[in-house]
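S.K.: The structure's right below; bear with me while I get my questions together.
The values are calculated or read from the model by the stated rules, or taken from the named source; none is laboratory data. Bear in mind that the values here come from a model prediction, so they are computed numbers and not experimental data. Cβ placement follows ideal geometry from the backbone for every residue including glycine, while neighbour counts extend to all protein chains displayed. Surface areas here come from the heavy atoms of the whole protein model, side chains and all, with no ligands, DNA or RNA. Shrake-Rupley method; radii C 1.70, N 1.55, O 1.52, S 1.80 Å.
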Amino acid sequence: MAPGAVHGIINKGGFMRVYIFTLALCLFCLNAFADETWQLAPGIKEPGIKDVAIKGDFIYAASEKSLYRSEDNGKTWGVVFSAKGDSGIINFIGISKTRAFVCTDNGLFMSIDGRSGWKNIFKGIGGEDKSVLHIAFDTNKICLGTRDGLFTSIDNAVTWQKTFDIGVKWIAFSGEDVFLATEKGVYKTSGPDWKRVFITSTEEAEYDADAIDEAATASKPVNSIF
């Protein structure tokens, strides 16, 4: 079976994240990176793996409903988290130090050791959409991309403040700059103000961020930033 489209980046937290976008793709043993034969990973029960993250000696793999963890270089896997309910869908995995975060349509869940004791630490604020699509870590803050906007915590996920009003699918840091991938294009800030710096359209025209009509919606939304 062909592995499909695979992309990797190194995040500030020091772990490699691998994105797999093929619906029918099975997760194979990571020993294949050493030119060994690809093998089905024992313990993975679902064929559709959406996200994989590596932190030190631990590997995480997420399907739509389950988060798997391997502690032996991908030889065996076990379920450490399950999304509950019809709307409980895993969207993304975030790892910061020893803590693991799972972004779901029912909020953000965190485990201190990445194995047990999962707590829902973000359930939306004031009745706003609690669907969390992405999480990113900077030196002194945590950022959440949700369908209702960007939320930021500067007290280690104890409290959250909404800092952007458009649904955010992806967050990326570059020095002092923060970039957001949204339904309306890419936004950038290095302070309190946001500017739209990229937008897709059927005409594929180039835009000046200061001249963009903010009421316009991108015909091809931006889903991620590398």
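S.K.: Filter the range 127-141 down to residues that are over 17 Å from the mean Cα position of the chain (by Cα) and under 19 Å from ILE154 (Cβ atoms) and give me whichever is surrounded by the fewest Cβ atoms within 10 Å (Cβ to Cβ).
M.R.: THR139
S.K.: Among all residue pairs at least 6 apart or on different chains, which show Cβ distances below 7 Å where the first residue, located in the range 146-166, is without any contact (Cβ under 8 Å) to a residue 40 or more places away in the chain and under 20 Å from ASP193 (Cα atoms) and the second is open to solvent by 80 Å² or more (accessible area, probe 1.4 Å) and in a strand (DSSP E or B)?
M.R.: Pairs found: PHE151/GLN161; THR152/GLN161.
S.K.: Give the range 142-162 a look and list any residue that's open to solvent by 60 Å² or more (accessible area, probe 1.4 Å) and either closer than 20 Å to ALA83 by Cβ or among the β-branched types (Val, Ile, Thr) (or both), or say none.
M.R.: Scanning the range 142-162 gives ARG147, ILE154, VAL158, THR159.
S.K.: Tell me whether the range 66-76 contains one or more residues that are under 24 Å from SER131 (Cβ atoms) and either open to solvent by 60 Å² or more (accessible area, probe 1.4 Å) or assigned to a loop (DSSP other than H, G, I, E, B) (or both).
M.R.: Looking for residues that are under 24 Å from SER131 (Cβ atoms) and either open to solvent by 60 Å² or more (accessible area, probe 1.4 Å) or assigned to a loop (DSSP other than H, G, I, E, B) (or both), one finds none in the range 66-76, hence no.
S.K.: So which of GLY114, GLY94 ends up being in contact (Cβ under 8 Å) with a residue 40 or more places away in the chain, more than 15 Å from the chain's Cα centre (by Cα) and buried (at least 19 other Cβ atoms within 10 Å of the Cβ)?
M.R.: None of the other options fit; the residue is GLY114.
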